[in-house]
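This report concerns only the one structure given below.
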Amino acid sequence: MKPLLESRQLHAFSALARRGSFTLAAKDLHLTQSAVSHALKALEKDLGCRLVDRVGKRVQLTEAGREFLRHTENILREMLAARTEMETVSRWNHRQLRLAAGATACEHFLPPVLRAFQESFPDCSIKIETGGQRRQLELLRAAQVDLAVVFEPAAAAADDLVFTSFFEDELCLIVSPRHRWAGRPSAPREEIESEPLFVPNKTGYTFRALNDYFREEKVVLSNFTELASVEAMKELVKLRLGSAVLPPWLVREELKNGGLVALPLGPRALRRRWSVAHWKGRRLASAEEAFIRLCETMAGGIEQPAPRAVA
């Protein structure tokens, strides 16, 4: 029976394939270049084939190397998942929930969820990492957080994760009641390009979805200002310095009292699906399951005013 492959050999081969250099691979692994070279030679001997070709100071994968890299990545992914699972089991003895979430979720959605969570798990500490969706998913894949509150992407973009949807909202144009659009059922498409728009960070999920939407509607999104604060957006809109792109539930009180007006973006609705993401195949702890249920419960109580219909 042939011996099992060693994890250090797989890590060395993966780093070498990724970096294309023994020197850089050794630096990533905090090993000597000689150690990486010996690990690769041992691996090639175990497999009975050459995995890389040396071209000057660089290395290139052979056909066998490209095929074996696919298996290596799967093996290392499963090893990380197993380690994460065991760390989760161990960590729950210390009672900590590690979350990743964006600024909007932290400011406007999570506070009541976390208050209710702490009532059920008073001894459980909570750690929250903030950032854009891309960073949240990176933290999740690196096992630095347990759950991430994100917008659900296309399945093909994250087939290693599970998304539990708990809320759906619609992005709209928010304007002052004294704005020229306020008395209309919708904003004229030919005027949107020149209108100053207040939008979320352009590196985030929401801006990308918004940009794609307007591109399909043949509208060039160019006259915009990035703002991370919903409160800042609201105040600038009230001063008639522009329009904001926000979901109506974030300004529901202002919509009720007539301080702001919500209009549809266009003939099609642009909706976002809020979800809690975690590693596929990982068994959730009871507190993690409770957090997801609380997200679903709290989201069910959010009032979502409808924008004016497009005429």
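The numbers here are math on the coordinates, done by the rules we state, and not lab data. Nothing here was measured: the structure is a model prediction, and the numbers come from that model. Don't worry about glycine lacking a Cβ; one is built from the backbone with ideal geometry, like all the others, and counts go over all protein chains shown.
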- Message: Rounded, prolate or oblate, given the Cα gyration tensor of region 7-79, with a/c below 1.5 counting as rounded?
- Response: rounded
- Task: Tally the DSSP beta bridges in the chain and give the antiparallel ones as a percent, rounded to 5.
- Result: 65 percent
- Task: With the Cα gyration tensor of region 141-252 in hand, convert its eigenvalues to equivalent ellipsoid semi-axes via √(5λ) and list them largest first in whole Å.
- Result: 30, 16, 13
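With a Förster radius of 22 Å, plug the Cβ-Cβ distance of GLU216 and ARG134 into 1/(1 + (r/R0)^6) and report the FRET value to the nearest 0.05.
0.45
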- Item | Dipole axis of region 169-271 (+1 Lys, Arg; -1 Asp, Glu on Cβ), positive-most option in LEU236, ALA209, HIS179 | HIS179
- Farthest towards the positive end of the dipole of the chain, among ALA285, LEU147, GLN9 and with Cβ unit charges of +1 on Lys and Arg and -1 on Asp and Glu, lies the Cα of GLN9
- Note on the structure: The helix 110-120 Cα axis meets the longest alpha-carbon principal axis of the chain at an angle in degrees, between 0 and 90 and rounded to 10, of 60 degrees
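Subtract the Cα-Cα distance of ARG50 and PHE121 from 0.36 nm times their separation in residues, and report this length gain in nm to one decimal. Don't skip to the answer; put the middle values down first.
Details: separation 71, 0.36 × 71 = 25.56 nm, distance 5.41 nm.
Net length gain for the segment: 20.2 nm.
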- Rounded to 10°, Cα long-axis angle of helix 286-300 versus longest principal axis of the chain: 20 degrees
- Query: Using Cα atoms only, what is the angle between the long axis of helix 63-91 and the major principal axis of the chain, expressed in degrees (0 to 90) to the nearest 10?
  - Reply: 70 degrees
- Note on the structure: If one builds a Gaussian network model of the chain from Cα atoms under 10 Å apart, the most fluctuating residue listed among ALA285, ALA17, ALA262 is ALA17
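In µm²/s, what is D for the chain at 37 °C and 0.692 mPa s, where D = kT/(6 pi eta Rh) by Stokes-Einstein and Rh is the Kirkwood radius from Cα pairs?
D, rounded to a whole number, is 144 µm²/s.
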- Message: Suppose only helical runs count, i.e. DSSP H with n ≥ 4. What mean residue ellipticity at 222 nm does that imply for the chain under -39500 (n - 2.57) per run, divided by all residues and rounded to the nearest 500 deg cm²/dmol?
- Response: -13000 deg cm²/dmol
- Query: Once you charge only the Cβ atoms, +1 for Lys and Arg and -1 for Asp and Glu, what is the size of the charge dipole of the chain about its Cα centre, to the nearest 20 debye?
  - Reply: 780 debye
- Work out, step by step, the length gained on full extension between GLN60 and SER229: first 0.36 nm times the residue separation, then minus their alpha carbon distance; give nm to one decimal. 56.1 nm
